[in-house]
Each structure stands twice: as C-alpha cells, then as structure tokens.
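Here the structure comes first, spelled out in structure tokens, and everything after it is commentary.
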Amino acid sequence: MEKQVLESSEERTFQYQDSLPSLPVPPLDESLSKYLDAVKPFLNQEEYQRTEDIVKKFENGIGKELHQKLLERAKTRRNWLEDWWLNVAYLDLRIATQIHCNMGGPGPYIEHYWPPKDGTQIERACINTWHTLNYWTLLRAEKVAIERSGNTVLDMNQFRMLFCTCKIPGVTRDSIGSYFKTEAEGECPSHLIVLCRGRVFAFDAIHEGNMVTPPEIFRQLTYIQKRCHSEPEGPGVAALTSNERTKWAELRQYLIDLDPKNLTLLEKIQRSLFVICLDDSSPHATPEDYTELTRLGLTGDPTVRWGDKSYNSIFFSNGTCSAFCDHSPFDAMALITMLSYVEKKIIENEGKWKGSDKVRDIPVPEELVFTVDQKIQDEIGCTKELYYKKVSDLQLVNYAFTSFGKALIRKKKLHPDTFVQLALQLAYYKCHGRPGCCYETAMTRRFYHGRTETVRSCTVEAVEWCKSMLDPSDSTYQQLQLMHQAFAKHNKMRKDCENGKGFDRHLLGLLLIAQEQGLPEPELYVDNAFTASGGGGNFVLSTSLTGYTRLSGSALPMVHHGYGFFYAIRDDRIIVSCSSWKSCPETDAEMLCRTVFQCFQDMLQLTVAAQL
C-alpha cells in the first residue's frame, strides 16, 4: 500500500493534460482595437483613417458573423486553432521547409568539457546520444518534470514529438507521423538512424531489454564510420528531403513505385527515435562566435540530414555538434528543455563516460540500402545543386554580447526579453530609417495543446522612443520616460498573448472560417495595412527568445527582405543569432547584429545617466 502512495504522489509528465483549460477565443472588439493599435506605426493619417473605417465595417458586419462561427467551432474543440495552425503554418507550405522553416542550434559544450578537437567525434556522439536516450526513457516513464509558468501548469504534449516523429510529404499537404508511446500506452520504436557519407544505417537502442551504453554505441558508430570511409559514397537519398514539398512527395512516391522495399526503409526512418548525423566538416566555434557552427548546423551537407525528422543530432568531425529539427511538431522550448537536461548530465560527468567498458554481443548496424535508378540519382544531384545555391545566399552571424546580461538588466528593474526586443527596434530604425514590423513568439502553453501567439513588438510607443533616441534635441529624461512607456506596453502585450488575449491567431481564425464557408476574403485582409504591419506572414523581423540557458537556436528570415533574430539571455551575456539573404541589397545581418549590441550599451547608458 505504502509503495502505491509514494508513486502516486510523484507527478507524471502528462497527468494534467486532461485538465488544462481550452484555448479561449478573445472578444472581437478587443482583438480589433489591438489590431488597429498595431498597424499605426506603418500608416500615415489618411491611410489609418481608411483602415479604421474598414475595421469598423468588419466589426459590425461580416466580422461579427465569422466571430460567431468561430465561437461555435470552439465549443466542440479543446483547441480551436490546433489543426488549422498545423496546416496553415507548416503542412500546407510548398516551399523547401528544410531550408526556410527548420530550426537548429549549436551545442554549447564547447564552453566547458568539449572544446573543438579532432578525433573526438564518435566518442562525444556516444555520450550525447546516451544521455538523450535516457531522456527518452524518462519521458516514456512520465518522469520528465512538468513545466510551469509561476504556479500554472503548462501543456506537455509537444514533448511527445521529440522522438519517433517525422513529417511525411504530400502532394498538396504534408502530414506528421508520430509513433512515440509512453510505457503505459504500449510499445514504442527504439531504433536509431545514422547518416554518414550518403548512406543510411539503423541499430536498436535496446538490447535484451537494456539500453545500449556509450561503449556499445561507440562500437556501432565506429563500425558505420569505418565502412563509410573505406567504401564508395552512398546515393545520398536524404538530400531529397530538402526539395520543395510537392517535388519531394512525387519523388518519394516514385521511390516506392520503383521498389516496395523502399517504403519499408522510409517508414523505418520515420519511426526511428531520432537521427544521428556524422558530418565530415569541422566548423570553427568559440564561446563568443558560434557563427560557422550555427550556419553548418542549419544549412550543412543535405545528404547527412533528414530534413523531415523532428530531431537530427549532428556531430562534426572536430567534436562540435548541433541540433536540427523540423519545426512543425513542436516549438523550440521543448527541444531546449531536453538539451538542457543533456548538457546538465554532460557537465555532471565532466564530459566523460564513467561506467563499465563492457560491450555486449550486439548485432551490427543494418544498412538501409535504397533501390535507386538513374532518374533518382540525377534528381539527387539536381537537388543538391539547388540546395547549395540557395544556402550560399544566406548571411548568418551568431555572436555573444559579453558586456552584461540578465543580472545587470534585472538590477535595473527591466525585463530582459523586452530589453532585447526594444534594442532590436532601435537598431532596425537606425539601420533602415523606418519602423520594422516584428513577430515575437509568445507561448500559449497554459492552454490545452497551446503553442504560440504573436507579440507585435513594433508598437507606437517603441517607435516614439526610437525617434526620440535619434533626436539630439531630446533630453535624456525624455528618452528614459519614453523607454519606460515602451517597456510597459511590451510587457502587457506579452502577458496578454500568453493568456490567450492576443489578436493574430484570432484574426487568422476568422479568415479561415470565411475560407471554409466559401466567402470572399474580407476587406480587412486585403487592405495594405494588413500586409504592411506583418500580417499574412509578412513580418520583416522574425524573432524569438530561446530562453535563459546556454542553449541558443535560430531559424531563417520569414520574408526575403527580412531578418531572423534569435537570442538567449544569460546572466553575463546575450547570445544573438541574426540571419538575412545576401541577394537582398538592403539587409545586412552582420550590421544589424553589431548595431543591436551598440543599442544594448545605449540603453544601459540611459538608465545610468538617469541616476546621476
């Protein structure tokens, strides 16, 4: 009896899933007034007047009807947005999602136990993989701690997607295959996939009921690497995942028609725990400059990444590593939580394996040999050529700002995330001479299957402050007052968004109801103000805080003339990853990042000057 009590007093990872509140639909008038406020910085008086009329007309006319229908939909669903969002934001996209939507980040281990060092690739891959497998075991046993915001329980559903999950291309819409099961739910696939020199291998992580140990993983990976380095390269089928989606769907079908065995192999990759990528490059990396490691993690050799897999664990030849993920099944925080666990374990064990060196008699890895013909080989060649052409256009920097971090910002009683967002607004204004519409991710995980809402950081208040900072006739006191107003506005918006009171997802819902009913697109969405302020995926600044740990990550810009801007805030530093496209003459990621760093200093100066 006592044992029973003990067990039940420990929270299980997914135990509150059924009691989380449903995602709310905010009141229509509130969403529309927030929208009007958000478009102001991008319109002159006359344009604003016109947009205001359109919004009022919408609110009293078609908008009202659409809102009622959305409320109806929300009555029968715990999350009215979930399937819509998955489709619109990810699965309906036809562009090459591996390039434009995947996310990734460098392993921070170079800052402590694993500085770049040749000859360490396999050894480190084993230890890292082993800790990741332990996390999988904890998740299956529901022993991963439930995340909270203050006292509020957060939805944990995304964690199921870290393992055994893969996107499957479709001709008009992709789908997600997720094969993870907790112990209570039943059997879960337990094999790993290894990509190396254009070839694909698989081995099981469980042998006779017990997990493989680092020395055993070492034996498997060494076997694979030796074979790949002494035999001809494989066809590099993995590269096909980097195609535009319809093209990849058609090629995948072609592969299956060529030989039904190919389907078995594809399904084996889809169902696998995750993918280990052995990459021959040796990216330069230091704690102050992660640029090359981040760039190669996101846009390295396509034959050793399975772009559709929810987690690719990349190990480079010099012992550096990187994560690379399909974005559709989860947002970055789930991944960061898992990788923080792995990093903590690596530090606890000083980057070594301290257990037994005994290696059991495990079967050697199996090679997944695809049947390919000349057409597929040619297609792989074309795909690689196109891929390298696209990614060579990417400008990406990932630098550490080391003058100060969270500790000092908090001491000034400022919110660290808002501090970075406002510095970015000021920097964009300085570089481009106009306000930059900005998407910041807020997390709605306090609701059932909640994912994200948009915080539109480019507020009237932020722009007023930017103008003041660039006006030599304004007093420091004036600049400080305006800065505090901009902070207050941003903090309120973030809070609203986290509590289901944002407006972007609501507006999307109303548009989708209209589409489902076969109604014409309401004027609000065709209005120039909608696009100019970032609506419809037109944000010039695509940004997100990746948290307050050593883990940082990044993704590419949302639009051709835009930037990707991602940052991790630590006690003593701020790590920023900024990307843009070289083929766009007006953007420059290096310049924007350097300017942001300067703005950090300027903002701190302002708080210091005010105290004098």
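The values are calculated or read from the model by the stated rules, or taken from the named source; none is laboratory data. Just so we're clear, the structure is a prediction, and the values are computed from it rather than from any experiment. No Cβ is skipped: glycine too gets one built from the backbone with ideal geometry, and neighbour counts run over all protein chains shown. Heads up: the accessible areas ignore ligands, DNA and RNA and are worked out on the full protein's heavy atoms, side chains in. Shrake-Rupley method; radii C 1.70, N 1.55, O 1.52, S 1.80 Å.
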Rg(Cα) / (2.2 N^0.38 Å) computed for the stretch 76-118, rounded to two decimals: 2.00
Computed over the stretch 137-183, the ratio Rg/Rh where both radii use C-alpha atoms and Rh is Kirkwood: 1.12
Once the Cα gyration tensor of the stretch 163-220 is diagonalised, semi-axes √(5λ) in Å: 26, 19, 6
Euclidean distance between Cα centres, the stretch 132-152 to the stretch 40-70, Å: 44
Packing-based order for 489-497, 288-296, 168-176, using average beta carbon neighbours within 10 Å, highest first: 288-296, 489-497, 168-176
Additional length obtainable on full extension of the chain from Gln45 to Glu586, 0.36 nm per residue less Cα span: 192.1 nm
Pairwise label distance in nanometres, Val171 with Ser33, each label 7 Å out on the Cα-Cβ vector: 5.0
Helix-only [θ]222 nm of the chain, DSSP H runs n ≥ 4, -39500 (n - 2.57) each, per residue, nearest 500: -13500 deg cm²/dmol
The stretch 24-135: relative contact order in percent, alpha carbon pairs under 8 Å with at least 6 residues between: 21
Among 420-430, 446-456, the order from most to least packed when residues are scored by Cβ within 10 Å on average: 420-430, 446-456
Descending Cα extents along the principal axes, the stretch 238-288, whole Å: 49, 24, 17
Nearest 10 degrees, 0 to 90: helix 332-348 Cα axis against the chain principal axis: 50
Semi-axis lengths, Å, the stretch 476-545, gyration tensor of Cα atoms, sqrt of 5 times eigenvalues: 31, 15, 11
For the stretch 1-139, Kirkwood radius (reciprocal of mean inverse C-alpha pair distance, Å): 21.7
Computed over the chain, Cα set: Rg, Dmax in Å: 24.9, 78
Extension reserve of the Gln598-Glu183 stretch, reckoned as 0.36 nm per residue once the Cα distance is removed: 144.3 nm
Cα centroid separation - the stretch 227-253 against the stretch 333-380, whole Å: 19
Percent carbon-and-sulfur accessible area, the chain, ignoring ligands, DNA and RNA, probe 1.4 Å: 52
Computed Rg/Rh of the stretch 148-265, alpha carbon atoms with Kirkwood Rh: 1.04
Dimensionless Rg ratio for the stretch 408-452, taking C-alpha atoms and the 2.2 N^0.38 Å reference: 1.53
Alpha-carbon centroid distance for the pair the stretch 518-566 / the stretch 86-123, whole angstrom: 21
Spatial extent of the stretch 436-499: Rg and Dmax, with the Cα atoms as the point set, Å: 14.6, 51
Relative contact order for the chain, counting Cα pairs under 8 Å that sit 6 or more residues apart, in percent: 20
Cα-Cα separations in the stretch 552-612 greater than 15 Å, expressed as whole percent: 58
Angstrom value of the Kirkwood radius, inverse mean 1/r, which spans all Cα pairs in the stretch 439-579: 17.2
Note, ³J(HN,Hα) from phi for the stretch 393-403, Karplus 6.51, -1.76, 1.60, rounded to Hz, x at Gly and Pro: 7, 7, 10, 9, 10, 9, 10, 9, 8, 10, 6
Stokes-Einstein diffusion coefficient of the stretch 390-501, Kirkwood radius over Cα pairs, 25 °C, 0.890 mPa s, in µm²/s: 156
